[in-house]
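Participant: Could you have a look at this structure, given as structure tokens, before my questions?
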Amino acid sequence: MSSGRDDGGEGTAADNDDGFDPDPERVKRLREIADDVRGDTSESKQLANILYRTSDLYDETEETSPEEIVRNVKFILEVNERGGLGR
């Protein structure tokens with residue numbers, strides 16, 4: 001299945017040549033772990049968000065790449081460092 005991208009960008013989870021074939025069990029497992037580690041601290045919330053975002057690589061309904069996830073994780077960390085979105 002193709003990602004539908006025509007911009008020469010990196011592939012997505014839907015591409016079979018990037019090592020991230022759709023894997024519903026892996027998606028479920030990563031998201032369960034994210035739910036388990038999510039707690040009241042900002043660090044646990046960060047980790048849960050990162051795990052959830054990583055699970056998107058294996059979700060056939062998501063179109064993302066490792067590069068997009070790295071950018072998103074950097075954003076999550078930067079927002080936390082600034083004290084939240086409101087600042």
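Participant: Is there a residue in region 41-64 that is at pLDDT 90 or above, among the small types (Gly, Ala, Ser) and assigned to a loop (DSSP other than H, G, I, E, B)?
Facilitator: Looking for residues that are at pLDDT 90 or above, among the small types (Gly, Ala, Ser) and assigned to a loop (DSSP other than H, G, I, E, B), one finds none in region 41-64, hence no.
Participant: For region 67-78, does any single residue satisfy the condition of being under 15 Å from the mean Cα position of the chain (by Cα), open to solvent by less than 50 Å² (accessible area, probe 1.4 Å), at pLDDT 85 or above and among the aromatic types (Phe, Trp, Tyr)?
Facilitator: no
Participant: Out of the residues in region 31-44 that are closer than 19 Å to Phe75 by Cβ and in contact with a helix residue (DSSP H, G or I) (Cβ under 7 Å, 6 or more places away or on another chain), state the one that is least open to solvent (accessible area, probe 1.4 Å).
Facilitator: Here the answer is Ala34.
Participant: Now for a separate question. Only one of (1) at pLDDT below 95; (2) more than 13 Å from the chain's Cα centre (by Cα); (3) open to solvent by 50 Å² or more (accessible area, probe 1.4 Å) fails for Gly84. Which number is that?
Facilitator: Looking at each condition in turn, Gly84 falls short on (3).
Participant: Moving to a separate point now. Specify which of the listed residues (Leu57, Leu47) is within 22 Å of Gly83 (Cα to Cα), of a type in the set (A, V, I, L, M) and under 14 Å from the mean Cα position of the chain (by Cα).
Facilitator: Leu47
Participant: So, Leu47, is that one touching a residue at least 24 places away in the same chain (Cβ under 8 Å), among the aliphatic types (A, V, I, L, M) and buried (at least 16 other Cβ atoms within 10 Å of the Cβ) or not?
Facilitator: Judged against the criteria, Leu47 is not a match.
The values are calculated or read from the model by the stated rules, or taken from the named source; none is laboratory data. The shown structure was predicted, so the numbers you read here are calculated from the model rather than taken from an experiment. Backbone-built Cβ (ideal geometry, glycine too); neighbour counts: all protein chains shown. Surface accessibility is based on the protein's heavy atoms, side chains included, excluding ligands, DNA and RNA. Shrake-Rupley method; radii C 1.70, N 1.55, O 1.52, S 1.80 Å.
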